[in-house]
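> Here you go, one structure.
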Amino acid sequence: MKHFIKETDFAASELPGLFAHARSLKQGRGRPAAPVLAGQTWAMIFSKSSTRTRVSFEVGIHELGGNALFLNKNDIQIGRGETIQDTAKVLSRFVHGLVVRTFDHQDVEALTQHCSIPVINALTDFLHPCQIYADAFTAAERWSRPGGTGGDLVASLRGRKIAYLGDTCFNMANSWILGASLFGMKIALAGPAGYAPGEEIRAQLKREGRPLDFQFTTDPFAAVKDADIVYTDVWTSMGQESESGQRTAELAPYAVTAKLFAAAKPDALFMHCLPAHAGEEVEQAVLDNPRSIIFDQAENRLHMQKAILAAVARPLRA
């Protein structure tokens with residue numbers, strides 16, 4: 001049984017097929033997709049509010065022939081103290097898979113240990129792998145030759161440089177560090193010294209035998225030099241609201257301005273996982289730039305997540 005908890009839960013050899021399937025699903029939208037989830041119900045446990053993640057997963061499960069059952073953590077007994085172990089065992093008797101969006105990454109790992117059904121990580125404070133796969137697919141669409149294979153899509157990522165600006169010790173930065181290692185990309189991160197990539201992602205790379213070859217600098221212009229992608233995220237995530245004032249002051253020098261974006265490659269793409277706070281982590285002029293592909297990223301959450309669902313789902317017994 002396969003779970004999708006971190007970027008490297010798919011081997012590099014599996015990526016061409018996954019990317020090709022996502023593209024096929026995108027091109028075939030409007031026609032019925034293969035009902036690989038027919039007769040299945042997938043529970044979606046969300047401890048964090050969401051627009052793109054919730055809608056894309058609910059629509060994706062439906063379009064693959066399944067039923068999505070949305071569960072706020074307060075709708076079930078886990079919100080009243082039931083153990084993750086018991087929740088996992090009970091839900092495994094009712095549904096065919098879990099999509100989980102929560103705070104503590106260890107909670108998702110615990111679910112995988114006790115579930116007898118596939119689990120997909122729809123975001124934790126440590127990683128956001130579905131977003132990274134959709135983002136990589138979005139960039140590959142721009143860089144690969146039309147009509148190419150899934151292998152061509154994946155190959156177009158190799159050697160490309162992504163510059164990540166802002167809070168480089170939270171989930172999106174962590175996911176890009178791990179994802180870049182898998183995709184064969186280069187990554188440079190820029191932020192204040194106190195926001196450098198933390199021990200958790202370093203330990204993850206070591207456990208997997210991956211080199212610590214990401215670059216960190218406090219100079220945003222050094223990070224974006226020769227970058228193919230300039231990426232940022234909001235400075236204050238859910239659960240950090242009390243730190244908003246301090247974060248805004250400390251991260252202000254790392255806002256993606258038109259001047260900073262212009263310091264990357266002339267054809268560099270701007271990416272943001274949304275929602276964006278124009279005038280904070282990014283200028284409106286950058287969001288509106290023709291090389292901003294933020295809404296392509298959002299759309300591709302649907303197509304890539306459908307491919308992931310199809311890859312991890314277990315067929316019903318005849």
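Quick note: the coordinates plus some simple rules give every number you see, no bench work behind them. Owing to the predicted nature of the structure, the values given are computational and were not obtained by experimental measurement. Methodologically, a virtual Cβ is constructed for each residue, glycine included, from the backbone with ideal geometry; neighbour enumeration extends over all protein chains shown.
> What's the magnitude of the charge dipole for the chain around its Cα centre, counting Lys and Arg as +1 and Asp and Glu as -1 at the beta-carbon? Answer in Debye, nearest 20.
Approximately 1120 debye in magnitude.
> How much net charge surrounds residue 250 when only the other residues with a Cβ under 11 Å from the Cβ of residue 250 are counted, with Lys and Arg +1 and Asp and Glu -1?
-1
> Okay, moving on. Taking one equal scatterer on every alpha-carbon of the range 205-318, how large is log10 of I(q)/I(0) by Debye at q = 0.10 1/Å?
Rounded to two decimals, the profile gives -0.43.
> Would the range 249-294 count as rounded, prolate or oblate if I go by the C-alpha gyration tensor, calling it rounded below 1.5 in a/c and otherwise prolate when a/b exceeds b/c, oblate otherwise?
oblate
> Further question: Using only Cα atoms and rounding to the nearest 10 degrees, what angle (0 to 90) does helix 129-143 make with the longest principal axis of the chain?
Helix 129-143 sits roughly 60 degrees off the main axis of the chain.
> Would you mind checking the tilt of helix 294-312 against the longest principal axis of the Cα atoms of the chain, expressed as 0 to 90 degrees and rounded to 10?
Compared with the principal axis, the helix lies near 40 degrees.
> Report, by chain and number, residues whose modeled amide H sits under 5 Å from the one on residue 70, excluding near sequence neighbours (fewer than 5 apart, same chain).
Answer set, sorted by chain and number: 44.
> Check which residues have an amide H placed less than 5 Å from residue 41's amide H, if you skip close sequence neighbours.
For residue 41, the qualifying residues are 67, 96.
> Equivalent-ellipsoid semi-axes (√(5λ), Cα gyration tensor) for the range 131-295, whole Å, largest first?
For the range 131-295, the ellipsoid semi-axes come out as 24, 20, 14 Å.
> Using a Gaussian network model on the chain with a 10 Å cutoff between Cα atoms, which of 60, 191, 39 fluctuates the most?
Highest fluctuation of the listed residues: 39.
> Something else: Gap in Å between the Cα centre of the range 135-208 and the Cα centre of the range 6-37?
19
> Which of 92, 244, 144 moves most in a GNM of the chain, Cα contacts under 10 Å?
With Cα springs under 10 Å in the chain, the top fluctuation among 92, 244, 144 is at 244.
> Which of the residue pairs 161/265; 6/306; 6/89 have a Cα-Cα distance greater than 19 Å in the structure shown?
Long pairs (Cα-Cα over 19 Å): 6/89.
> Also, quick follow-up: Using +1 at the Cβ of each Lys and Arg and -1 at the Cβ of each Asp and Glu in the range 212-299, identify which of 220, 234, 276 lies farthest towards the dipole's positive end.
220
> Explain nothing, just the number: dipole magnitude of the range 131-295 about its Cα centre with +1 on each Lys and Arg Cβ and -1 on each Asp and Glu Cβ, in debye rounded to the nearest 20.
Taking the Cα centre of the range 131-295 as origin, the dipole is about 680 debye.
> Mind checking the angle between helix 105-114 and the chain's longest principal axis? C-alpha axes, 0 to 90 degrees, to the nearest 10.
Approximately 30 degrees, to the nearest ten.
> Still on this structure: Counting every Cα pair in the range 1-148, what percent are over 18 Å apart?
60
> When Lys and Arg each count +1 and Asp and Glu each count -1, what net charge do the other residues less than 12 Å away from residue 191, Cβ to Cβ, add up to?
-4
> Also: Give a quick list of chymotrypsin sites (Phe, Trp or Tyr not before Pro) in the range 138-212 that DSSP marks as loop, anything other than H, G, I, E or B, with at most 15 other Cβ atoms within 10 Å.
Of the chymotrypsin sites (Phe, Trp or Tyr not before Pro), not one in the loops of the range 138-212 has a Cβ with at most 15 other Cβ atoms within 10 Å.
> With a sphere of radius 11 Å drawn around the Cβ of residue 105, what net charge do the other residues whose Cβ falls strictly inside it have (Lys, Arg +1; Asp, Glu -1)?
Net charge around residue 105: -4.
> Projecting each Cα onto the charge dipole of the chain (Lys/Arg +1, Asp/Glu -1 at the beta carbon, about the Cα centre), which of 295, 246, 67 comes out farthest on the positive side?
The residue sitting farthest along the positive end of the dipole is 67.
> Right, next: Taking a point 7 angstrom from the Cα of residue 285 along the C-beta vector, which residues in the range 243-260 have backbone N less than 20 Å away?
Of the residues in the range 243-260, 252-260 have backbone N under 20 Å from the label point off residue 285.
> Looking at the chain as a GNM with Cα springs under 10 Å, which of 123, 302, 251 has the largest mean-square fluctuation?
For the chain, modelled as a Gaussian network with Cα springs under 10 Å, the answer is 251.
> For the range 96-193, restrict the atom set to alpha-carbon positions and state the Rg and Dmax in Å.
Both quantities, over Cα of the range 96-193: 15.4, 44 Å.
> Scale the Cα Rg of the chain by the rule-of-thumb value 2.2 N^0.38 Å and send over the ratio, two decimals.
That works out to 0.97 for the chain.
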